[in-house]
1. Write out, first by first residue and then by second, each pair whose Cβ atoms fall under 6 Å of each other, whose residues are 6+ apart or on separate chains, and whose first residue, in region A:181-192, is more than 7 Å from chain B (Cβ to nearest Cβ) and in a loop (DSSP other than H, G, I, E, B) while the second is surrounded by fewer than 18 Cβ atoms within 10 Å (Cβ to Cβ) and modelled with pLDDT under 95.
2. When you check residue B:55 against the structure, is it more than 9 Å from chain A (Cβ to nearest Cβ) and either part of a helix (DSSP H, G or I) or farther than 25 Å from residue A:189 by Cβ (or both), yes or no?
3. Find the residue count for region A:27-38, including only residues that are surrounded by 13 or more Cβ atoms within 10 Å (Cβ to Cβ) and modelled with pLDDT under 95.
4. Is at least one residue of region A:250-260 without any contact (Cβ under 8 Å) to a residue 40 or more places away in the chain and either basic (Lys, Arg) or surrounded by 18 or more Cβ atoms within 10 Å (Cβ to Cβ) (or both)?
5. Would you tally the residues in region B:27-47 being within 14 Å of chain A (Cβ to nearest Cβ) and β-branched (Val, Ile, Thr)?
6. Please verify whether residue B:24 is assigned to a loop (DSSP other than H, G, I, E, B) and either at pLDDT 90 or above or within 12 Å of another protein chain (Cβ to nearest Cβ) (or both), treating the condition exactly as stated.
7. If a residue must be part of a loop (DSSP other than H, G, I, E, B), within 30 Å of residue A:182 (Cα to Cα) and among the hydrophobic types (A, V, I, L, M, F, W, C), how many such residues does region A:198-235 contain?
8. Condition first: farther than 20 Å from residue A:166 by Cα and of a type in the set (Val, Ile, Thr). Now tell me which residues in region A:80-104 satisfy that.
Amino acid sequence: MSSGRSRDDTMASFRGEALSWELRDGVIELALHRPPGNEIGTLILCELEKFVEGLEEITRQAHALIVYSTIKAGFSAGADLRELFDGAQRVSKTEAVRGVRDFLERIHRVMNTIDALPLTTIAAVHGVTFGGGFELALVCDLIVADKMARFAFPELRLGLIPGFGGIPRLKRDLGNAVVRDLLLTGRSFNAAKAQSAGLVSQTVAEGESLRIARSTAAQLKKFDRQTASAAKRFIKPVPYDELKREIDIFCELFTKPAVEAGLRKFVESTDAQPYLP
Amino acid sequence: MAPMPSPNQTLREVLDLAAAHFKVPREKLTPDDDFFKTLGIDSLQALDLLTRLEQHFNVELPDYELQGVSDFRTLADRIQARR
């Protein structure tokens, strides 16, 4: 793995295989760069854990965090379904469920930490922002979306529900009718629709989401950090109980034969539109 | 109130938009072409096309309505049904 600490031996910057971060002018920028679509599997999880471990140190010097992708296809296509399928094929059902639960508990720890950070967090998204990628964007306080971004939870076609905290966070942020539409139809929303539903705070021109996120982060620097943090704690509680319940439901569903069939269909698909629900 | 655009007008606009965005000569596109083949696009580019069509026509096109749709004429019909 090509990674390393910066010269001053803090975790102010890091370059990994799947993601990198850098602290600059009080803003932490976390870039996802794992081709083809920033699929979230063990590699991204491990590097996210590394990021979260170092956060306590660098958040003292920061007022904002921006999460973005350098991959052309989009922010993230979601969980690494090939890794999930292959991993489950190699072990017994019981071990597979145990492995899934372990993965979910780890990714939830990461997501919950970012969700509750005493900084203002911004997801700058473009292109495909699906499943687990959508869930990563949802932990952020603000979503700045390129007008070509699309958001979807296609998990139901696999016989599953979103597992990285999507349902509790959608419920926290949106009206229930929108939540049901996204979950139960699996259809994708474009950025304008997502903004009208209350998911996205700003829709911007193509290729401009990171620039606008940086400009928003610069604005945040003008405010007292403790006040901003208190406002965030007040308005954005982390729904811990529902998040735990989500893991239980996901693991219950994961034992159903429909899931193996759904994952196999996705992995072996030659469909011209495998991303479409 | 503006009159409802005709199905043929919708189809023409779909072909114009696809040709311009994917840089394919307009005269090479016909209504019954398989747009995946004619435009040489993959599923992600198809999502991109979907978003551009939604923006151009100011409609919502749920992905499931486009499952199995691969020709411009049917695509234009789906759009027309939501105008």
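1. A:186/A:156; A:186/A:157
2. On the way: more than 9 Å from chain A (Cβ to nearest Cβ): no; either part of a helix (DSSP H, G or I) or farther than 25 Å from residue A:189 by Cβ (or both): yes.
So residue B:55 does not fit the description; no.
3. In the first step, residues of region A:27-38 are kept if they are surrounded by 13 or more Cβ atoms within 10 Å (Cβ to Cβ); the result is A:27-34, A:37-38.
Of the ones still in play, those that are also modelled with pLDDT under 95 are A:37.
Selection size over region A:27-38: 1.
4. Of the residues in region A:250-260, the ones without any contact (Cβ under 8 Å) to a residue 40 or more places away in the chain are A:252, A:257.
Of the ones still in play, those that are also either basic (Lys, Arg) or surrounded by 18 or more Cβ atoms within 10 Å (Cβ to Cβ) (or both) are none.
For region A:250-260, residues without any contact (Cβ under 8 Å) to a residue 40 or more places away in the chain and either basic (Lys, Arg) or surrounded by 18 or more Cβ atoms within 10 Å (Cβ to Cβ) (or both): absent.
5. Qualifying residue count for the region: 2.
6. Numbers: assigned to a loop (DSSP other than H, G, I, E, B): yes; either at pLDDT 90 or above or within 12 Å of another protein chain (Cβ to nearest Cβ) (or both): yes.
When the stated conditions are applied, residue B:24 passes them.
7. Step one: of region A:198-235, the residues part of a loop (DSSP other than H, G, I, E, B) are A:198-201, A:205-208, A:221-224.
Filter again for within 30 Å of residue A:182 (Cα to Cα), leaving A:198-201, A:205-208.
Filter again for among the hydrophobic types (A, V, I, L, M, F, W, C), leaving A:199-200, A:205.
Count: 3.
8. Matches in region A:80-104: A:91, A:94.
The values are calculated or read from the model by the stated rules, or taken from the named source; none is laboratory data. What you are looking at is a predicted structure, and each value in this text was computed from that prediction instead of being measured. Backbone-built Cβ (ideal geometry, glycine too); neighbour counts: all protein chains shown.
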